Amino acid sequence: MSKARRALFADALYGAEQPAALAPAGPAPPDASWLAAASPPTVLAPGLVVVKDAVTPDQQRWLALVAMRRGREPPPRGFWVDRPAPAGPDGSSPLRREPNSSPNAGRARAYDALGAFADAEAPLRALCAALVGAARRADAAMPPMAPTHLLLVHYSRGQHVRPAIAWHKDDAPNDGKNDHPVVAVSLGESADFQLCAGWSRARQAALDAAGALHRVRLESGDAILFGGPLRYAHHAVSRVHVDSCARHLLPLLGGARLSLTFRDALGIDAAKYATFRPIAHGEAGAGARASACAMASVAGPGMCAD
Ligand SMILES: O=C(O)CCC(=O)C(=O)O
Ligand SMILES: [Fe+2]
């Protein structure tokens with residue numbers, strides 16, 4: 001099939017970037033139903049656990065609706081991305097905040113306290129608790145964690161630049177300052193997640209050659225937790241797979257990927273950090289992120305790890 005014909009088929013199947021209207025999220029999944037159909041957790045290393053099929057298709061739809069309803073609010077409550085604006089008379093190009101409905105929005109985010117998710121807060125907490133409990137039963141190195149904040153990351157369909165998110169550590173203030181796990185649930189398109197403690201280009205290459213680089217294909221409904229000894233390990237999403245969106249989420253996501261990341265960032269003012277960019281602020285983690293950003297510069301604006 002020609003490239004153009006393939007693209008036509010994909011458009012028919014995957015539809016528009018954003019659906020026109022979003023139904024209410026409806027009743028939340030009961031607490032006891034979380035992880036009922038999950039695969040047993042896989043411990044990839046002390047502090048790194050994957051739970052395949054952590055959430056069922058119905059639960060995924062509920063989570064995606066909660067995230068998309070929030071994401072479609074205007075920035076900064078909704079998904080936002082910073083892009084260079086047209087250069088001014090002095091040649092400089094300031095950043096312009098855009099909502100995720102912009103064409104080719106790329107990777108956009110929204111960050112808030114869990115309390116801001118209203119009716120969804122309690123079920124979201126129950127999901128996170130179920131994941132942390134399962135991971136801890138499987139992995140003695142995984143610390144407990146009670147989430148305070150939720151980061152939503154939206155990779156729009158067609159945002160298949162590589163890396164989708166460059167190597168970085170979650171070490172900014174809004175990521176939390178403890179070894180409690182980052183708990184991430186993947187929805188929509190599949191992605192390749194990589195993790196490498198003490199990352200450098202050379203170390204990554206050496207581990208890769210030895211088959212020892214942690215690589216996980218995250219499919220819709222899968223969860224990954226990294227905490228304890230690996231809480232500050234570098235990680236990246238090397239790739240989001242073209243047109244791989246789970247069919248049950250197609251009408252809702254239009255072929256995007258969502259990552260819902262729970263964090264224990266106790267004491268952080270969500271309003272202050274709603275549009276926080278470590279590089280712009282020069283705060284903790286900026287060095288690592290700046291180098292990751294330089295690495296990703298071929299990927300274009302908005303593709304840095306901040
Ligand atoms: O999209 C993902 O699964 C990872 C996102 C991530 O690493 C981050 O936002 O810090
Ligand atoms: Fe991260």
Specify whether the C-alpha gyration tensor of the range 158-208 places it in the rounded, prolate or oblate class, a ≥ b ≥ c being the square roots of the eigenvalues: rounded for a/c under 1.5, otherwise prolate if a/b is larger than b/c and oblate if not. oblate
Please list, ordered by chain and number, the residues whose modelled amide H lies under 5 Å from the amide H of residue 243; skip anything fewer than 5 residues away on the same chain. 158
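Summing +1 for each Lys or Arg and -1 for each Asp or Glu, what net charge is found among the other residues whose Cβ lies under 9 Å from the Cβ of residue 164?
On the way: positive: 107, 162, 239, 257; negative: 192.
After counting each charged neighbour, the total is +3.
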In terms of modelled amide H atoms, which long-range or inter-chain residues lie less than 5 Å from the amide H of residue 265? 148, 149
Return the sequence-ordered ³J(HN,Hα) values of the range 209-214 in whole Hz as given by the Karplus equation 6.51 cos²θ - 1.76 cosθ + 1.60 applied to θ = phi - 60°, using x for Gly and Pro. 4, 8, x, 10, 7, 6
Amide H to amide H under 5 Å from residue 183: which residues, 5+ apart in sequence or cross-chain, H placed 1.01 Å off N in plane? 262
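All of the numbers you see were taken from the coordinates with simple rules; none came from a lab. Small disclaimer: the values here were computed from a predicted structure and weren't measured. So basically every Cβ, Gly included, is an ideal-geometry build from the backbone, and we count neighbours across all protein chains shown.
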